[in-house]
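Below: the structure, in structure tokens.
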Amino acid sequence: MNRDLTRRLNQIVGRVTDPEFLSSKGLANEIAYHIFDYPARDEIQLREHLPKIWRALERNQPPLRFQHFDLYEEMLNYLEQRNLLHRVLEIDQAETDIEVLNKVRSAVNEEKLTRYLSEHHDLEAQQIIFLSGAGKARPVIRCSALLTSLHSLTGETPVVLFFPGDYDGASFRIFGETGESSDSNYYRAFRLITEG
């Protein structure tokens, strides 16, 4: 177990229930997007801890209206609702990885996924939106493009993205990747919890 990660995870509830966080004060009119980055090797630890966060937020007084989306599960839900999941699963195994990725991305991408979320959930009625599953949804869904697409649908609602990699305030490096395989530059988010 990563003790450093445990310390940071244990700070989340206090941070997101802070009235300044909920009102997005102190962000100098920036978008209320926050990244909780963590080592990808500790994915299981994060997944096991998330239900503790949800229970604590449900017990909070006053209760918070929040929504959690697992990006991979929502991507599958989108494909299934559009009757596309079976087509994606039947893609010819003889095709190259790039061809398969292009076909899957033509069926679902960041804009389609965020539109789907907004059609099925009242995003602006939430006080906080949490996103996880970024590693499972990669490379179909890229975090920088998802957040850009999501912005027009969330208004001033704070969004917290759990990210398996590094976010340095300027770019995402999923799974510690660098170069072309890393996500695009994204300067509009803040780290939710800094070290320790």
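Residues that are in contact (Cβ under 8 Å) with a residue 24 or more places away in the chain and of a type in the set (D, E, K, R) were ranked within segment 54-92; the one that is nearest to Ser118 (Cα to Cα) is Glu74. Scanning segment 168-196 for residues that are aromatic (Phe, Trp, Tyr) and at pLDDT below 85, we see that the one that is surrounded by the fewest Cβ atoms within 10 Å (Cβ to Cβ) is Tyr187. Which pairs have Cβ atoms under 7 Å, sit 6 or more apart or on different chains, and link a residue in segment 11-25 that is surrounded by fewer than 16 Cβ atoms within 10 Å (Cβ to Cβ) to one that is in a loop (DSSP other than H, G, I, E, B) and among the β-branched types (Val, Ile, Thr)? What qualifies is Gln11/Ile193; Arg15/Ile193. Scanning segment 114-146 for residues that are modelled with pLDDT of 90 or more, under 11 Å from the mean Cα position of the chain (by Cα) and crowded, with 19+ Cβ neighbours inside 10 Å gives Ile129, Phe130, Leu131, Ser132, Gly133, Ala134, Ala137, Ile141, Leu146.
The values are calculated or read from the model by the stated rules, or taken from the named source; none is laboratory data. Please read these numbers as outputs of a predicted model, since none were measured by experiment. Every residue, glycine as well, gets a Cβ built from its backbone with ideal geometry; the counts of neighbours run over all protein chains shown.
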